[in-house]
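The values are calculated or read from the model by the stated rules, or taken from the named source; none is laboratory data. For clarity, every value in this text was computed on a predicted model and none was experimentally measured. Please note: Cβ atoms are built from the backbone with ideal geometry, for glycine as well, and neighbour counts cover all protein chains shown. Areas reflect the complete protein model, heavy atoms only, side chains present, ligands, DNA and RNA absent. Shrake-Rupley method; radii C 1.70, N 1.55, O 1.52, S 1.80 Å.
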Amino acid sequence: MLGEETFIGLDTHKEKIYGTAMNSKGEVICSYEFPSNKEALKEFLKGFPVWNTRIAIEACGIWRGCYRNLQELGYKAKLANPLKCHEIASCKKTDKIDSKILADLLRTGYLPEVYIPSDKIMQLRDLTRHKCNLTRLRVRVQNKIKGYMLREGIAYDRKIWNEQGTRWLKQLKHEKINDFLATYKLLKEQEKETSRKIASIARMKEEIALLTTIPGIGEFGAALIYAEIADIERFSSVKHLHAYAGLAPGIYQSASKSREARRRETNKWLKWIVMECASRVVLMQNSFQKYYFKLRNRKGWKTARKATARRMLTVVWCVLKNKEPYHE
């Protein structure tokens, strides 16, 4: 066992991990389930030296904990695309089969690998996504407050979220509104603190500064776009970046019939921020606005907005590739 290369597939879950280890000939060395913690993982890997052990884990929502434990134990792991792995497994789907397929694909060199960003990129990505989630929660709380006022027949001005407006809301002495108002203030403070952390990181990144030269993209939008793209060199062409962002849907064709096929393996955060920036840029006088209105008159605003977002992403690709600011 010590002399030959070992290939291990780990199917991770919240409370358990199913691991399968096989040798270079495809023979299973061991395969069993163990608790999802560092001690149990260390026990499973006992006897498999770091220098000749290759590990694959599935890119699920909880992969980071297992990946971090493997790093601390000295092992290097690859992240696998779960959808493509399941397609290979066909209709058979069990933890044991999943872990075996991961190990076998890693052994044969056919593992559908997923890119793993650096720790600094992951930190920025977590911060920007956290900021988005805080903003969405704050907006929901604001809508709840407005809902109570509408229910009670209380007329309110549009500018109720400034300091004067929040004082007026307190004076209403409405118990439920006050509860939500306290939550709103807490979320607002956390949002500002997260924005400060993002800004401090953004100021030190040349790529983010370059992205802010593109019309419609502010500092936060640039930080989120940069965090989601990470290394632009991993995209061999701009079409690959379009597909990654879900802005270039696939086509399913059979004989004379064809339809648009939705891509499931897309980065929803990147698509969302680029679409938001596209909605903003069409309000400015520039080439993007001309392009948008030209398409809108022929194909409608939805298609025009998506096409404008795709064009913006093309500019993002060029700016990051060439490391040059945007010029109209």
When (1) aliphatic (A, V, I, L, M); (2) surrounded by 14 or more Cβ atoms within 10 Å (Cβ to Cβ); (3) closer than 22 Å to Trp272 by Cβ are applied to Val139, the one that fails is (2)
Out of Thr135, Thr128, I need the residue that is part of a helix (DSSP H, G or I), of a type outside the set (Gly, Ala, Ser) and in contact (Cβ under 8 Å) with a residue 60 or more places away in the chain. Which one? Thr128
Taking the condition of being open to solvent by 30 Å² or more (accessible area, probe 1.4 Å) and either among the hydroxyl-bearing types (Ser, Thr, Tyr) or not in a helix (DSSP H, G or I) (or both), how many residues in region 278-302 meet it? 6
Determine which member of the set Tyr18, Tyr67 is crowded, with 17+ Cβ neighbours inside 10 Å and out of contact with any helix residue (DSSP H, G or I) (no Cβ under 7 Å at 6 or more places or on another chain). Tyr67
Subset of region 177-228 (residues that are of a type in the set (S, T, N, Q) and either more than 21 Å from the chain's Cα centre (by Cα) or in a helix (DSSP H, G or I) (or both)): Asn178, Thr183, Gln190, Thr194, Ser195, Ser200, Thr213
Can you give me the ranges of the strands (runs of 3 or more DSSP E) entirely in region 1-93 with at least 2 residues that are within 19 Å of Tyr110 (Cα to Cα) and without any contact (Cβ under 8 Å) to a residue 60 or more places away in the chain? 53-58, 77-80
Considering only residues of region 147-161 that are modelled with pLDDT under 90 and open to solvent by 70 Å² or more (accessible area, probe 1.4 Å), which is nearest to His174 (Cα to Cα)? Glu152
Which one of these does Glu193 not meet: (1) farther than 30 Å from Ile232 by Cα; (2) open to solvent by 60 Å² or more (accessible area, probe 1.4 Å)? (1)
Only residues that are within 25 Å of Ala21 (Cβ to Cβ) and of a type in the set (A, V, I, L, M): list them for region 102-123, please. Leu102, Ala103, Leu105, Leu106, Leu111, Val114, Ile116
